[in-house]
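Undergrad: I am attaching a structure below and will ask some questions about it afterwards.
Every number in this text was worked out from the coordinates using simple rules, so none of it is lab data. Keep in mind that this is a model prediction, so the values were computed, not measured.
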């Protein structure tokens with residue numbers, strides 16, 4: 001089994017430009033190190049639902065990607081992994097401003113990682129809680 005024993009070099013610069021969906025949504029990576037990441041996204045009308053609040057899919061994308069960046073900060077560059085399960089609990093609407101996700105991950109059994117993210121609006125109101133499981137693809141030394 002490949003060890004996951006601490007921070008790995010992780011170049012944030014340019015990552016979003018190589019991820020078309022994240023670029024479309026407008027995600028910004030503020031930090032990713034030591035199994036923790038912070039990302040943000042601005043409220044835009046194109047990310048809202050019919051009621052004028054930010055769409056739950058946009059908030060979930062922010063949270064899911066923040067957990068993925070926290071995992072990337074621990075794994076060797078180029079390691080392939082994917083979300084296998086996610087749950088988002090929405091607590092308050094977002095109507096304007098920037099939204100920020102703070103993610104933390106821990107190592108599960110075998111090839112698994114467990115992630116969580118809290119999502120805040122500009123006033124630091126907790127607007128969503130996100131829990132997820134990720135799995136590293138087979139054949140990369142984690143079996």
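Undergrad: Please determine, in degrees from 0 to 90 and to the nearest 10, the orientation of helix 56-72 with respect to the longest principal axis defined by the Cα atoms of the chain, where the helix direction is its Cα long axis.
TA: Between helix and principal axis, roughly 30 degrees.
Undergrad: For the chain, with a Gaussian network of springs between Cα atoms less than 10 Å apart, report the residue from 47, 91, 75 with the top mean-square fluctuation.
TA: 91
Undergrad: Moving to a separate point now. Taking only Cα atoms and a 10 Å spring cutoff, compute GNM fluctuations for the chain and point out the largest among 66, 132, 96.
TA: Ranking 66, 132, 96 by mean-square fluctuation puts 96 first.
Undergrad: Separate question: Who wins for biggest fluctuation among 64, 104, 34 in a Gaussian network model of the chain, springs between alpha carbons below 10 Å?
TA: Residue with maximal mean-square fluctuation among 64, 104, 34: 34.
Undergrad: Once the principal axes of the Cα atoms of the range 85-143 are found, what is the range along each, listed largest first in whole angstroms?
TA: Its Cα atoms span 44, 17, 14 Å along the three principal axes.
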